[in-house]
Structures are given as structure tokens and as C-alpha cells.
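Okay, structure first, notes after.
Just so it is clear, none of the values below were taken in a lab; they were calculated from the coordinates. Keep in mind that this is a model prediction, so the values were computed, not measured. Neighbour counts run over all protein chains shown; Cβ positions are idealised from the backbone, glycine included.
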Amino acid sequence: MRASRQHIVYYTAFATDFAYFAFLFATTRLLAETGASLWHLGIFGASTSVSYALSGPLAGAVSDRWGRRRLILTGVIATILVLAVCSWWTSRKLYYVMAAAGGVAVALIYPPMIAWLTEEAHDTSKRLYRFCLAWNFGVISAQTTGGWLFSVHPSLPMIVAIIPMLGVAVLILSWRANRGPKTEAIPPAESRHHHDSPRAMTFVYMAWLSNVAGAFAFSLIVYLFPYLAHESGISPPVHGAMLAFNRLVVVATYSVMYRFPFWRYRLWTALASQACAMAGLLLLSFGGSVPVLAAGLGLAALMLGYNYFASIYYSTIAFGSQQKGMASGVHEASLALGGGAGALGGGLIGWVHGSRTPYKLCVVVLFGFVLIELVIYLRSRKGWPRSPAEGS
């Protein structure tokens with residue numbers, strides 16, 4: 001039985017994030033255990049995030065013209081090479097180079113993959129929900145198994161991660177399109193009421209801005225929390241389980257947003273998610289026990305889940321099929337820009353003022369972004385047409 005395009009995308013999302021987060025877990029934990037400072041961890045995070053941010057929009061735009069599958073396959077091969085190199089040579093300098101290379105490799109996969117998934121889609125929300133589940137379960141699997149594999153050998157998480165990526169390459173190479181007329185079919189209600197409307201575009205821009213703020217917080221969890229975990233005496237398996245809990249909350253948030261569309265085109269839901277994140281970051285700033293730190297990660301996850309699902313939804317609804325790759329690229333780049341800023345800024349602040357300071361800084365950053373979003377919302381809503389279908 002030949003795999004459908006949707007199922008190939010879901011598996012690719014799972015495998016790519018399993019590979020990427022196995023790489024991140026193994027390298028950042030090893031750097032922390034071998035004496036790397038928060039500043040060095042910040043540089044590592046910024047290297048992979050900035051390279052992703054610069055490559056994502058370009059990859060999305062190129063895929064609009066060159067084809068989704070070719071670019072995805074190129075990124076898969078590049079990811080396998082990064083994993084193979086880092087599992088063979090454990091050099092700190094090499095890790096920084098491979099961090100940038102890994103960012104480019106994954107950027108070649110994600111924007112084209114999102115655009116490929118939502119082309120000719122009658123069920124955009126369902127596809128995006130399943131896509132979000134797939135890549136998050138990849139993250140959870142990498143973080144859960146990564147801690148145990150790392151305890152056996154630091155390179156083992158990356159060696160294991162090569163296997164599912166080889167499966168992606170086989171699926172992409174073997175896929176053949178159904179021969180038939182191409183039509184763009186998005187949900188009629190979404191097409192009539194949201195496509196290119198002033199309200200939709202406002203929420204796209206707000207979602208991208210929220211992505212930057214959310215990714216700022218996320219980068220602290222991915223790139224700097226390993227230092228705090230090691231400093232607090234948290235073992236790799238427990239560290240991995242805490243990060244997996246963070247992603248489970250993200251998945252639960254996706255599920256609520258998919259089942260209950262009350263959040264669409266509502267400002268208060270975005271602000272509530274960011275308030276939860278600020279509370280979680282304060283727990284990370286002052287908490288000392290594993291349960292308190294885990295609660296902080298869980299509260300931050302509410303915003304991470306909300307921001308990502310809302311952003312990807314608005315990005316794919318507000319743009320036509322000829323711009324889906326570009327829009328998906330900007331969506332992914334907004335995440336990476338926030339991630340790079342958080343990793344670099346947080347690493348520097350933490351290096352100078354202590355391992356808890358970046359989380360306090362992030363609370364201030366999030367509050368500033370909330371104010372900017374409020375300004376955008378209030379200024380833009382004057383030009384919206386009154387339409388019951390779009391909400392208020």
C-alpha cells in the first residue's frame with residue numbers, strides 16, 4: 001500500500017524533530033557537562049536558530065517554484081550528514097559549526113513540508129493538528145529516550161536518530177503524485193471570510209510577533225535549561241522527562257485549540273497564554289525542586305503551544321497556494337529569530353548574572369511584546385469589516 005502525501009508529511013515531521021532534538025539534547029547536555037558556560041550554550045543556540053531563520057523564508061520561496069519534495073529530500077540528506085558527523089567527532093568547536101548546518105538542514109525541510117501538506121486541502125485545521133501532533137511526539141520521543149541513551153554514550157541519541165531519517169528519504173524517493181487536475185480547495189468558509197481579509201492579516205502579523213516572543217522563552221528551555229539542570233544535580237533521564245512533560249502540555253494545548261475554535265481571532269486568548277508563560281518563567285527563576293521547575297516548564301508550554309498552532313493556522317489560511325511556502329517560511333523564521341535572540345541574549349545575561357537571570361529577563365521581554373501586540377490590534381481593528389463569521 002502506497003503511503004499518501006499526508007502520511008509522508010506526518011512521518012517526516014516526527015522523524016525530523018526526533019533527529020533535531022536528539023541532536024540538541026546530546027550536544028547541549030555534553031557541552032554543559034564538559035564545562036561550557038551559559039554564554040557558550042547561548043552561542044550554540046543562536047547559531048542553529050539564526051541559520052534556520054535566514055534559510056527558512058528562502059527555502060519556502062524556492063519550494064514555491066522548484067518543488068516541495070526536492071527541497072525536503074535535500075534537507076533530509078543534510079540532516080543525516082550532520083548527525084553522522086557529530087556522532088563520530090565530539091569536538092566543541094565542531095558542534096558550533098554543525099549547529100548552524102543543522103539549522104539550515106531543518107529549514108530546507110519544514111517550510112516546504114508545511115506548504116506541501118496544506119496544498120489543495122479541504123481540511124486544513126485537521127491536517128495542521130495532526131502535523132503538530134506528529135512533530136511534537138518526535139520531540140517527546142527524542143527527549144524521553146535521549147536522556148537514557150545519553151547515559152549509555154553521549155553520541156548514541158544522534159546515532160539512533162539517523163534511522164528514522166533514512167526512512168524519510170526512502171518515502172520521499174518512492175512517492176509518486178496522483179495524476180489528475182490540480183485544484184486549490186480550501187474550506188469555503190475560511191476562503192470567503194479569512195483569505196487576505198484585514199482581520200486575517202492582522203492576526204497573522206500578531207501571531208508572527210508572538211512567535212518571536214514565545215521562541216525567546218523556548219530557547220531558554222532548549223539551550224540554557226541543560227545548564228540549570230546540571231547545576232541543580234538533575235540527572236539526564238529526569239532532565240529528559242521534564243522536557244518531555246513540557247511538550248506533552250504543548251500537545252494538550254494543540255488538542256484543545258483543534259477541538260474548540262473559540263480562540264480564533266480573539267485577543268484575550270493570546271494574552272492569557274502569555275500571562276501563563278510569565279508565571280512559569282518566574283517559577284524557573286526562583287524554584288529549587290524538580291516539581292516546581294516542572295510546573296514552570298508546563299506553564300510556559302501553554303504559550304508555546306498556543307503561539308505555534310495559532311501562527312501556523314493564520315499563516316496557511318491568510319495566503320493563497322502560490323504563497324504558502326513563503327508564508328510558512330516566515331512563520332518558521334519568526335520562531336528562529338526569537339530563538340536566536342533568547343539563546344544569545346539569555347546566555348550572555350546568565351553568564352554575567354547567574355543561571356536564573358535569563359528567565360527573569362524573559363518575563364520583561366514577554367511583557368514588552370504584549371504591549372506591542374495591543375498597539376497593533378487597536379490600530380488595525382479600525383479597518384476591519386463587521387462580519388459575524390469572523391468574530392469580534
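If you put +1 on each Lys and Arg Cβ and -1 on each Asp and Glu Cβ, how big is the dipole of segment 205-361 around its Cα centre, in Debye rounded to 20?
320 debye
With r as the distance between the Cβ atoms of TRP66 and PHE367 and R0 = 51 Å, compute the FRET efficiency 1/(1 + (r/R0)^6) and round to 0.05.
0.75
Can you pull the percent of Cα pairs in segment 28-90 with separation above 15 Å?
On the way: 1291 of 1953 pairs.
Summing the P(r) tail past 15 Å for segment 28-90 gives 66 percent.
Using Cβ counts within 10 Å as a stand-in for footprinting exposure, how do CYS86, CYS276 rank, fewest first?
CYS276, CYS86
Using 0.36 nm times the number of residues separating THR90 and SER289, minus their current alpha carbon distance, what extension gain do you get?
In short, 68.5 nm is gained.
Considering the options LEU149, GLY305, GLY346, tell which one lies farthest towards the positive end of the dipole of the chain, charges being +1 on Lys and Arg and -1 on Asp and Glu at the Cβ, about the Cα centre.
In the chain, that residue is GLY305.
How do THR202, THR124 line up, fewest other C-beta atoms within 10 Å first?
THR124, THR202
Normalising by the residue count of the chain, find the relative contact order in percent from Cα pairs under 8 Å and 6+ residues apart.
30 percent
On a full-extension model of 0.36 nm per residue, what is the gain between ASP123 and LEU173, subtracting their alpha-carbon distance, rounded to one decimal in nm?
15.4 nm
Along Cα→Cβ, 7 Å out, is where each label goes; now give me the distance between the ones at TRP148 and ARG259 in nm to one decimal.
Computed distance between label sites TRP148 and ARG259 equals 2.9 nm.
How would you rank MET158, MET206, going from fewest to most other Cβ atoms within 10 Å of each one's own Cβ? Numbers along the way, then the final one.
On the way: MET158 26, MET206 22.
Starting with the residue having the fewest Cβ neighbours, the order is MET206, MET158.
Can you give the Rg to Rh ratio for the chain, taking only C-alpha atoms and Rh from Kirkwood?
Values: Rg = 20.0 Å, Rh = 20.9 Å.
So for the chain, dividing Rg by the Kirkwood Rh gives 0.96.
Give me the dipole magnitude in Debye, nearest 20, for the chain about the Cα centre, with unit charges on the beta carbon: positive for Lys and Arg, negative for Asp and Glu.
Taking the Cα centre of the chain as origin, the dipole is about 720 debye.
Scanning the chain for helices, which whole DSSP H stretches are 18 Å or more long along the axis (Cα) and average -0.5 or more by Kyte-Doolittle?
5-33, 38-66, 68-88, 92-107, 124-152, 156-174, 198-219, 236-259, 267-286, 290-317, 324-353, 357-380
State to the nearest 20 debye the size of the charge dipole of segment 22-177 about its Cα centre, where the only charges are +1 on K and R beta carbons and -1 on D and E beta carbons.
Dipole magnitude for segment 22-177 comes out near 160 debye.
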